[in-house]
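Note sheet for the following structure.
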Amino acid sequence: MMTGFAKVFWGLMLVFLDIRMNQFDILPDLLGYILVYAGLSGLSGLHEHFRKAKAFCIPLLIISIFELLSFRLRFEITVDTAVTPVSFVVILMTIAFSLLDLFMIYHLCKGIGCLAKQAGAYPLEEKARQRWTYYLWIAIVMTLFPFLAFTGAINVLILIFIPFFVASLIVFLLILLLVREADRMLPPAVQTE
């Protein structure tokens, strides 16, 4: 049986991986968010932050249902950067999704930090704090990119986007490694359902 942290790890991994065949997502985010939710449910009795993370996971799960039904919300940068009602709604939805994701990851990292502190695993507590900070900054920068598209400097935007995209991949992997480390370092009695 998987621990709560293991479920969160594999769920986030499924959300991270986006493998498509003929525009069909083989590993839909819905499965990932179901696993994250199940993992957070198992951890929610251990600390309030996991319960809060679970609450933010619910709307992400619902959004992923719409995504699975092909009501995909996409932001496409085109040569015509005029703001239309549709692009404005897409930007608002992207911001809402980003905020929900931020709050979920914040409470996940904070919960890991609190459990690590209780267990005397102070390096893990510090990692949780640092990784949350990295995630926050990269999320802020990546959220601003759609707004920069309206400046018309697409070539510059692409050059700036590439290193930040790579940084965002690294930060996401660091979050995954944090969850994996919490699963390995924290006593099994602390994380059972």
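What follows is calculated from the coordinates using simple rules that are stated; it is not laboratory data. Please read these numbers as outputs of a predicted model, since none were measured by experiment. For neighbour counting, all protein chains shown are included, and Cβ atoms are generated from backbone atoms with ideal geometry for every residue, glycine included.
Values as computed for the structure displayed
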| read-out | value |
| --- | --- |
| 162, 138 arranged by Cβ crowding within 10 Å, fewest neighbours leading | 162, 138 |
| Relative exposure of 127, 117, judged by other C-beta atoms within 10 Å (fewest first) | 117, 127 |
| Calculated from backbone phi, Karplus (6.51, -1.76, 1.60) coupling profile of the stretch 104-117 in Hz, x at Gly/Pro | 5, 5, 4, 5, 5, 5, 5, x, 4, x, 5, 5, 5, 5 |
| Theoretical gain in end-to-end length, residue 137 to residue 96 [0.36 nm per residue, Cα-Cα removed] | 13.1 nm |
| Relative packing of peptides 119-126, 163-170 - highest average C-beta neighbours within 10 Å first | 119-126, 163-170 |
| Euclidean distance of C-alpha centroids, the stretch 26-44 and the stretch 108-184, integer Å | 19 Å |
| Hz values of 3J(HN,Hα) by residue in the stretch 127-135 - Karplus curve (6.51, -1.76, 1.60), Gly and Pro given as x | 4, 4, 5, 5, 5, 4, 4, 4, 4 |
| Theoretical gain in end-to-end length, residue 129 to residue 68 [0.36 nm per residue, Cα-Cα removed] | 18.7 nm |
